[in-house]
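Structure record follows, encoded as structure tokens.
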Amino acid sequence: MSETRSDGELLRAIAADADRRAFEELYRRYAPWLRARLRGRCADPGVVDDVVQETFLAVWRGKARYREDVDVAGWLWRIGSRRLVDALRGDGARGRVRQALARLRHRDEVSAEERVLAGVEHGDLAGALVRLSPELRAVLQATVVDGLTTREAAVLLGIPPGTVKTRAMRARKQLREALA
């Protein structure tokens, strides 16, 4: 009977030896969890499946670098969530979402959510968000847009929970000042 290898051992074996068994074990261990998390952000199961595959391909091909001091689940979530954002940024995905919303509503009027999103993308808030430092924007993305808890955002961003709270507070203050 074989021993269960730690996440770090699996990742070292994948990076050093292209160990297929280690990769398969890592995939079985984390793919269902990652898929479930991504489904909370995207209703299209096809897009979610593609993003999970792209995430693990990045690990297999060595394009994603793992640091020993980082939680593996948080590291995979960071890769997957970025790939999901990239997938949804495409006009094709955005168009499919709008069409699905229109079919659900059975009407062509603009929803309140679409008006708010348009304001975020093109209004004063968009300009204020762009002026935030990347660190502050990342915290807002994780806590507000992705709906993560402070602890989850800390794991995702690789920073202490207290830093997440401080950056969120600074970001809100800067946004209030910019929009006043």
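Data table
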item: Residue, farthest from L156 (Cα to Cα), within the range 37-52, restricted to residues that are open to solvent by less than 70 Å² (accessible area, probe 1.4 Å) and of a type in the set (D, E); result: D44
item: Residues of the range 158-180 that turn out to be outside any helix (DSSP H, G or I) and at pLDDT below 90, as a count; result: 3
item: Verdict on L88 being modelled with pLDDT of 75 or more and either buried (at least 17 other Cβ atoms within 10 Å of the Cβ) or in a loop (DSSP other than H, G, I, E, B) (or both); result: no
item: Qualifying position, being at pLDDT 85 or above, open to solvent by less than 70 Å² (accessible area, probe 1.4 Å) and in contact with a Gly (Cβ under 6 Å, 6 or more places away or on another chain), among L34, L76, L10, L26; result: L34
item: Residue count, the range 136-148 (criterion: touching a helix residue (DSSP H, G or I) at 6+ places or on another chain (Cβ under 8 Å) and open to solvent by 40 Å² or more (accessible area, probe 1.4 Å)); result: 1
item: Leading residue by the ranking (nearest to A73 (Cα to Cα)) among those in the range 13-23 that are open to solvent by 50 Å² or more (accessible area, probe 1.4 Å) and part of a helix (DSSP H, G or I); result: A15
item: Candidate set: the range 136-157, residues that are modelled with pLDDT under 80 and not in a helix (DSSP H, G or I); chosen: the one farthest from L76 (Cα to Cα); result: G147
item: Sole exception among (1) open to solvent by less than 70 Å² (accessible area, probe 1.4 Å); (2) at pLDDT below 85; (3) closer than 17 Å to R82 by Cα for A128, by number; result: (3)
item: Filter result (β-branched (V, I, T) and in contact (Cβ under 8 Å) with a residue 24 or more places away in the chain) within the range 132-168; result: V139, T143, V155, V164
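The values are calculated or read from the model by the stated rules, or taken from the named source; none is laboratory data. Keep in mind that what you see is a predicted model, and the values were worked out from it rather than measured. Because the Cβ atoms are built from the backbone with ideal geometry, glycine has one as well, and the counts that use them run over all protein chains shown. Side chains are part of the model used for accessible areas, which takes the heavy atoms of the whole protein and leaves out ligands, DNA and RNA. Shrake-Rupley method; radii C 1.70, N 1.55, O 1.52, S 1.80 Å.
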